[in-house]
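Below is one structure, written out as structure tokens, with a few remarks after it.
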Amino acid sequence: MKPIEYVQKRDGRIVPFDSLKIIEALKKAAETTGEIQDSDIKKIASHIAKEVSIQAHLFTVEKIQDIVEVELMRGGFTATAKAYIL
């Protein structure tokens, strides 16, 4: 399993993948709900990075956001998933 290296931005640019952006987005959503602890955020972000790495094609920002939403829902963090979407 090769780690994801690049992601396609909304404007079409291809940039290096940065898992810290997922962590920061999750933290912002979690601050709104108080539903997730910092340790859970890191676990969720790590799981998302692994999930994305399983597939060999280039991901868009939107696809990664979809995966984040699904993972939050799977974890039972529905309020945070809604905050993340918004």
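The values are calculated or read from the model by the stated rules, or taken from the named source; none is laboratory data. Because the structure is a prediction, the values reported are computed rather than measured. Cβ coordinates were reconstructed from backbone atoms using ideal geometry, including for glycine residues, and neighbour counts include every protein chain displayed. The area values use the complete protein model at the heavy-atom level, side chains included, leaving out ligands, DNA and RNA. Shrake-Rupley method; radii C 1.70, N 1.55, O 1.52, S 1.80 Å.
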> When the residues of the stretch 38-59 are filtered to those that are outside any helix (DSSP H, G or I) and either closer than 15 Å to A25 by Cβ or among the hydrophobic types (A, V, I, L, M, F, W, C) (or both), which remaining residue is modelled with the lowest pLDDT?
Replying inline: A56
> Taking the stretch 1-22 as the region of interest, how many residues are in a loop (DSSP other than H, G, I, E, B), open to solvent by 100 Å² or more (accessible area, probe 1.4 Å) and under 15 Å from A45 (Cα atoms)?
Replying inline: 0
> Which numbered condition trips up V68, out of (1) open to solvent by 50 Å² or more (accessible area, probe 1.4 Å); (2) at pLDDT 90 or above?
Replying inline: (1)
> Can you tell me which residues in the stretch 49-65 are without any contact (Cβ under 8 Å) to a residue 24 or more places away in the chain and open to solvent by 80 Å² or more (accessible area, probe 1.4 Å)?
Replying inline: H57, K63
> Out of the stretch 71-86, which residues are exposed (fewer than 15 other Cβ atoms within 10 Å of the Cβ), aliphatic (A, V, I, L, M) and part of a helix (DSSP H, G or I)?
Replying inline: M73, I85
